[in-house]
Structures are given as structure tokens and as C-alpha cells.
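Trainee: This is the structure I want to talk about, given as C-alpha cells.
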Amino acid sequence: MYAAISFAVVMLFIMIGEWVSSLTNAYVPSVFITAVLFAIGYWTFLPKDFVAKASFGPDFANICISLLLVHLGTLMNLKELIQQWKAVCISLLGVAGTLLLTLTIGTKIFDWHTVIAAVPPLTGGLVSALLMTNGLKAAGITTLVALPIAMFVMHSVVGYPLTAWMLKREGRRVANEYQKGNIQKPVSIEEIKEKEGKKSIFKLPKEYHTAAFILVKVGIVAALANWLSFWLKSSFNFDLNANVVCLIFGVIAHQVGFLEDSALNKANVFQWLMYGLLAYIFSQLSITTPQIICQVFVQIIVLMLLGILGMFIASAILAKPFGMSPEMAFACSLTALFGFPADYILTTEICHNVAKDKDEEAVLVDQILPKMLVGGFATVSVASVIIASIFLKLL
């Protein structure tokens, strides 16, 4: 009974988030509302393990990430992925802006250890926050142990509505350009296949293309991607992030006809995996309390403002040289505050609410989503872990 109740509560929080987003035309993003509900729940009546009891534990989350990233690869082509190098540069330079302001102005306001402890989770996700927490414990700086996790909790809550606002402005701009005829509707994957004569490499009757068959193929690609990442790390000490490899392998597997387009949607499990991953991420809110937040509230707010200001300045300066609007450039930089899957959910949610029809929505997704995805990988999956590793040596 406890498992069923836990599952129902998780879905209720996600449902309320989606409903509020729809009622406000995505001005209030669903992930923001869901995060707030999880935080309030943990701080009041919910047990700490209720998400795990709902079956969304760490093992499930690890599987979700790999499968979902392979799936997202089936929505892109290799040329499109390579073209997003500008989004990678903007995102990384936005992080550089954060480092510049926090390490200069921030260290004049707070002591060195406070800034060093707070900045890695400000430029990334849970992994960097946990690395800094363990590093602080090892260094005996117990007074700041709560700071990285508290920063992780607070910066995502601020990042969701701010990014949604930027994406809404960018969505309207792109929609306006499309209506003027300056942007063409993207060629669908089906049309590309017809034009190039590409078909699945599996010559099987239709009745054999079941959901299980699709999941086997996605699982094989995800397993190969994770194996390659592990092998490179163990054999050559070359740390190639497994999440990035999953996305690239997904693109390649789709290009060669091993995976069908929108694979997990055809297997009817995409939304289930996305909800499960989202629930697991928000379950990390259980490791903090209002008391912990209050103890470091001033440090969090000041350093967060400096960090976001650094992102804004960098993206504002670099937007035009990189051929982006200021809103799109800033949104790419802001992916450092949350990463995947929030970047995917925010972007698709905004595109759906801004667009007037399906064709316009396809244009918005085509123009915005790839930039947000690769921006999130560059910051959260790669840069933040590197920054945390370096900052651990500075404690």
C-alpha cells in the first residue's frame, strides 16, 4: 500500500505542475511548481524515501538517463548536432562569466572557502554538489558542509522561471520570423528518409516491431555508450562523459537505420521514463531542510546573483558574434542551473504553449531544443564536474 500511495503522490505533484503551467500558458513552468511541492512535502509530512518506494530509485534513474539520451539522439541528425558548437561555446563562456564575478567580487564579500564551496554546484548539478560536500567533510570544514547542497536546491528553483521567461521571448521571436517567411518549416524525419531512401536495417514484418524490440535496441545502444565511456576511463584515464556518448550514439544509430525515429515514443514509454527521472531528481530535495537553507541563505542569494549576472554579461556580449539572440544565448548559459531533463521539459513546454499550430511548434522545437540540450550537456555534464574537481584542490 505504501508503494502505491508514494507513486500516487509523485504523479500528483507532477500533474499539478503541468496543470499550473497550462493555466498560466507556461509563464510558471511545471518543473518549478513540482520542485516547490516536493520541497514543501519533504519539509512537512513526506518520508524521505517515498520516491524510492514509488520505484524511482537511483538504479531506475541511471537507466532512464541513458535510454532517454539515446532517444533524444533519434530526434536529431549528425549534421544538426555538429552545428550546435555555438551553443556549446556560449554556455561554457557563460559559466566563465560566473566564475569571473564570483571569484573576484564574491571573494571580497565572503571568505575564500565559502565561495569555493558554492560555485561548482552553481555551475552544475547534483554530482558537483556532492563532490564539494564530500570534499568539505574531508577537509574538516564542517561549517560549510550544507552550502553546496543548499545552493543546488536554490539555484534550480530560481533558474526554472528565469529560463522559461527567456525561452518565451525567444519562442515569440522565432514564431514571428516563421510567420514572416524568414524561417522554413523543418523537414520531418520521414521526409528525409523518403528523400534519401533510408530504411530500417531490420527487414522484419511489421508485427515484430514491438515495444520490446525497440527497447532492446535502445538498451543495446545505451549499454555500448556506457561501456565505451568506462573503457576510456579505465584504460586511458580519459573521462568522456557517458551521457554525451549516449546522445552521440543515439544520433549515429538513428542515422544508420538501427533505431527508428522518436524511438521511445513509439515504444510508448518516453513519458513514463521522463516522469521517473524527474521524480528522482526532485527527491534530492530531501537532503536539506529549511534550517539548512536559512543558515546559508545570504551567501546563496549573493553568489547566485553574481553568478547569473556573470552569465548574462557574457551571453549579452557574445550573442551577436555567435549569431544568436540575447535571449537564446542567455537561456543556453542558464542551462548550467539545472541541465537535463529540465532543459528538455522547459523547452518543449514553452514551444507548445507559444506556438499557434503544430507546424509552428515544430519550427520552435527545431530552432531552440538542440541548443538547450547541448548547452546543458556542456555545462552540467562536463564543465561543472571539471570545475568541482579543480575547486576541491583549492579548499
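The values are calculated or read from the model by the stated rules, or taken from the named source; none is laboratory data. None of these values were measured; they are calculated from a predicted model. Ideal geometry is used to build each Cβ from the backbone, glycine not excepted, and the neighbour counts take in all protein chains shown. For the accessible areas, the whole protein counts, side chains as well, though only heavy atoms, and no ligand, DNA or RNA atoms are used. Shrake-Rupley method; radii C 1.70, N 1.55, O 1.52, S 1.80 Å.
Per-residue answers, yes or no, for (1) touching a Gly at 6+ places or on another chain (Cβ under 9 Å); (2) among the β-branched types (V, I, T); (3) in a loop (DSSP other than H, G, I, E, B); (4) open to solvent by less than 10 Å² (accessible area, probe 1.4 Å):
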{"site": "I317", "(1), (2), (3), (4)": "yes, yes, no, no"}
{"site": "M328", "(1), (2), (3), (4)": "no, no, no, yes"}
{"site": "S384", "(1), (2), (3), (4)": "yes, no, no, yes"}
{"site": "I390", "(1), (2), (3), (4)": "no, yes, no, no"}
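Trainee: Within 26 Å of N176 (Cα to Cα), in a helix (DSSP H, G or I), in contact with an Asp or Glu (Cβ under 8 Å, 6 or more places away or on another chain) and open to solvent by less than 10 Å² (accessible area, probe 1.4 Å): which single residue out of T335, T347 fits that description?
Mentor: Details: T347 fails: in contact with an Asp or Glu (Cβ under 8 Å, 6 or more places away or on another chain).
So the residue among T335, T347 that is within 26 Å of N176 (Cα to Cα), in a helix (DSSP H, G or I), in contact with an Asp or Glu (Cβ under 8 Å, 6 or more places away or on another chain) and open to solvent by less than 10 Å² (accessible area, probe 1.4 Å) is T335.
Trainee: Of the residues that make up region 10-29, is at least one over 18 Å from the mean Cα position of the chain (by Cα), outside any helix (DSSP H, G or I) and modelled with pLDDT of 85 or more?
Mentor: Checked against the condition, which is being over 18 Å from the mean Cα position of the chain (by Cα), outside any helix (DSSP H, G or I) and modelled with pLDDT of 85 or more, region 10-29 yields at least one hit.
Trainee: Still on this structure, I have one more. Taking the options K320, K356, name whichever one is among the charged types (D, E, K, R), more than 20 Å from C246 (Cα to Cα) and in contact (Cβ under 8 Å) with a residue 60 or more places away in the chain. Even if it seems obvious, please write down each step before you answer.
Mentor: Values: K320 fails: in contact (Cβ under 8 Å) with a residue 60 or more places away in the chain.
Just a single option satisfies the conditions, and that option is K356.
Trainee: Which residues, counting only those in region 202-237, are within 14 Å of T74 (Cβ to Cβ) and touching a residue at least 12 places away in the same chain (Cβ under 8 Å)?
Mentor: Taking region 202-237 and keeping what is within 14 Å of T74 (Cβ to Cβ), we get 214-215, 217-222, 225.
Hits for region 202-237 are I214, L215, K217, V218, G219, V221, A222, A225.
Trainee: When you look at G57, is it modelled with pLDDT under 90 and farther than 29 Å from I368 by Cβ, yes or no?
Mentor: On the way: modelled with pLDDT under 90: yes; farther than 29 Å from I368 by Cβ: yes.
Criteria met by G57.
Trainee: If you don't mind, there's one more thing I want to ask. Can you find a residue that is touching a helix residue (DSSP H, G or I) at 6+ places or on another chain (Cβ under 6 Å), part of a helix (DSSP H, G or I) and open to solvent by 30 Å² or more (accessible area, probe 1.4 Å) anywhere in region 210-217? Please lay out each step first, then the result.
Mentor: So the first thing to find is which residues in region 210-217 are touching a helix residue (DSSP H, G or I) at 6+ places or on another chain (Cβ under 6 Å), and the list is 214.
Right, trim to part of a helix (DSSP H, G or I) and you get 214.
Checking which are open to solvent by 30 Å² or more (accessible area, probe 1.4 Å) leaves us with none.
No, region 210-217 has no match at all.
Trainee: Residue check: is G307 open to solvent by less than 40 Å² (accessible area, probe 1.4 Å) and modelled with pLDDT under 90? Spell out how you get there, then give the answer.
Mentor: Numbers: open to solvent by less than 40 Å² (accessible area, probe 1.4 Å): yes; modelled with pLDDT under 90: no.
Answer is no for this residue.
Trainee: Can you confirm whether I33 is without any contact (Cβ under 8 Å) to a residue 40 or more places away in the chain and touching a Gly at 6+ places or on another chain (Cβ under 7 Å)?
Mentor: On the way: without any contact (Cβ under 8 Å) to a residue 40 or more places away in the chain: yes; touching a Gly at 6+ places or on another chain (Cβ under 7 Å): yes.
So I33 passes the test.
Trainee: In addition: Is it fair to say V221 is β-branched (V, I, T), in a helix (DSSP H, G or I), open to solvent by less than 60 Å² (accessible area, probe 1.4 Å) and modelled with pLDDT of 90 or more? Before you say what the answer is, go through the steps one by one.
Mentor: Values: β-branched (V, I, T): yes; in a helix (DSSP H, G or I): yes; open to solvent by less than 60 Å² (accessible area, probe 1.4 Å): yes; modelled with pLDDT of 90 or more: yes.
Answer is yes for this residue.
Trainee: Against the definition (closer than 28 Å to L364 by Cβ, crowded, with 19+ Cβ neighbours inside 10 Å and of a type in the set (A, V, I, L, M, F, W, C)), how does A263 come out, yes or no? Outline the logic, then answer.
Mentor: Numbers: closer than 28 Å to L364 by Cβ: yes; crowded, with 19+ Cβ neighbours inside 10 Å: yes; of a type in the set (A, V, I, L, M, F, W, C): yes.
Here the answer is yes, as A263 does meet what is asked.
Trainee: Could you tell me whether region 351-358 includes any residue that is in contact with a Lys or Arg (Cβ under 7 Å, 6 or more places away or on another chain) and open to solvent by less than 10 Å² (accessible area, probe 1.4 Å)? Quick ask: steps written out before the conclusion?
Mentor: From region 351-358, those in contact with a Lys or Arg (Cβ under 7 Å, 6 or more places away or on another chain) are 354; that's our starting set.
This time we only want the ones that are open to solvent by less than 10 Å² (accessible area, probe 1.4 Å), so: none.
Scanning region 351-358 turns up no residue that is in contact with a Lys or Arg (Cβ under 7 Å, 6 or more places away or on another chain) and open to solvent by less than 10 Å² (accessible area, probe 1.4 Å).
Trainee: Please determine, by comparing only the residues of region 227-253 that are polar (S, T, N, Q) and open to solvent by less than 60 Å² (accessible area, probe 1.4 Å), which one is farthest from the chain's Cα centre (by Cα).
Mentor: Out of the qualifying residues, it is S229.
Trainee: Report every pair of residues separated by at least 6 positions or lying on different chains whose Cβ atoms are under 7 Å apart, first residue within region 268-297 and modelled with pLDDT of 80 or more and outside any helix (DSSP H, G or I), second crowded, with 17+ Cβ neighbours inside 10 Å and of a type in the set (G, A, S).
Mentor: V296/A146; V296/A150
Trainee: Still on this model: Could you check region 36-46 and list, in sequence order, the residues that are in contact with a Phe, Trp or Tyr (Cβ under 9 Å, 6 or more places away or on another chain) and not in a helix (DSSP H, G or I)?
Mentor: Residue satisfying the conditions is L46 alone.
Trainee: Residues to consider are L392, L303, L337, L369; find the one that is touching a His at 6+ places or on another chain (Cβ under 7 Å) and within 30 Å of L131 (Cβ to Cβ). Talk me through it step by step, then tell me what you get.
Mentor: On the way: L392 fails: touching a His at 6+ places or on another chain (Cβ under 7 Å); L303 fails: touching a His at 6+ places or on another chain (Cβ under 7 Å); L369 fails: touching a His at 6+ places or on another chain (Cβ under 7 Å).
None of the others qualify; the one that does is L337.
Trainee: While we're here: Kindly check whether there is at least one residue in region 348-360 that is at pLDDT 85 or above and over 27 Å from W19 (Cα atoms). Quick ask: steps written out before the conclusion?
Mentor: Restricting attention to region 348-360, the residues satisfying the condition of being at pLDDT 85 or above are 348-360.
Applying the additional criterion that residues be over 27 Å from W19 (Cα atoms) yields none.
No; the residues of region 348-360 include none that is at pLDDT 85 or above and over 27 Å from W19 (Cα atoms).
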